[in-house]
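In what follows, a structure is listed as C-alpha cells, so that the remarks can point back to it.
The values are calculated or read from the model by the stated rules, or taken from the named source; none is laboratory data. Bear in mind that the values here come from a model prediction, so they are computed numbers and not experimental data. Glycine gets a Cβ as well: all are built from the backbone with ideal geometry, and neighbour counts include every protein chain shown. Only protein heavy atoms, including side chains, enter the accessible area calculation; ligands, DNA and RNA are left aside. Shrake-Rupley method; radii C 1.70, N 1.55, O 1.52, S 1.80 Å.
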Amino acid sequence: MNLFAAEGEPNPLLPPVGEIIVGLITFAILAFVVIKFVFPIIEKTFQERRNAIEGGIERAEAAQAEAKAALEQYRAQLAEARTEAAQIRDAARAEGQQILEELRTQAQEESARIVARGEEQLAASRQQVVNELRGQIGSLAVTLAGRVVGESLEDDARRRGTVDRFMDELDAMSSSTPATGTGGSTVYTPEGNR
C-alpha cells in the first residue's frame, strides 16, 4: 500500500470518502424504510401465518375430538342397537314359544274334544245296539222260555219280568267271567239255571 501512496495515486482498495458517506446515508434510509415499513408487513404476514397454522392445528384437534365423540356415539348406538335387536329376538322367540304352546294346547283340547265326542258317539251306538239286542234277545228268550216252560208268556208283565231277569243274568255273566270258549252250554230259564 505504501507503494501506491507514495506515488500519489488513490488506493483502489479504499473507496472515496464521498462514496462512503453516500453509501452510509443510502443504507440508513434503506434500513429505515425496511424497519419502518417492510418488517411490520413481514411480521404481520408471519403472525397471520402463525395464527393460521395454530388455528388449523386447533381446528384439526377440535375435528379430531368431534370425530372421536362421534365414534363413541356411534359405538354406543351400535351397542344399543345390538341390545335392542337381542331383546327383539328374545321377545320374538318367547312369542313364538307362546304361540306354539297355545297351538299345542288348542290341539290337545281339540283332540280331547274329538275323543270325547267319539266316546259319546260310541256309547250312544253301544246303547242303541244293546237296546236293539235286548229287544231281539227278549223276544227270542220269551219264545224259547215259552217252549221250555210249556206255558205261554204272552202276558206283557210276565214277559218283561222274564226278559229283564235274563238280561241281568247275561250282564252279570259277561262282567264276571270273560268268554272262555269252553264249549259248555247253560240253558237259562225263568226259574234259573239247569
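Structure notes:
- Selected residue [more than 24 Å from L170 (Cβ to Cβ) and open to solvent by less than 100 Å² (accessible area, probe 1.4 Å)] from A76, A145, A141, A124: A76
- Verdict on R113 being in a helix (DSSP H, G or I), modelled with pLDDT of 90 or more and charged (D, E, K, R): yes
- Among the residues listed as R147, R113, the single one being within 43 Å of the chain's Cα centre (by Cα) and of a type in the set (D, E, K, R): R113
- Contact map, the stretch 32-58: residues that are outside any helix (DSSP H, G or I) paired with residues that are open to solvent by 100 Å² or more (accessible area, probe 1.4 Å) and of a type outside the set (A, V, I, L, M, F, W, C), Cβ distance under 9 Å, separation 6+ or inter-chain. No pairs are found.
- Filter pass, V163 being surrounded by 13 or more Cβ atoms within 10 Å (Cβ to Cβ), assigned to a helix (DSSP H, G or I) and at pLDDT 70 or above: yes
- Test for K68: is it among the charged types (D, E, K, R) and either in contact (Cβ under 8 Å) with a residue 12 or more places away in the chain or loosely packed, with under 10 Cβ neighbours inside 10 Å (or both): no
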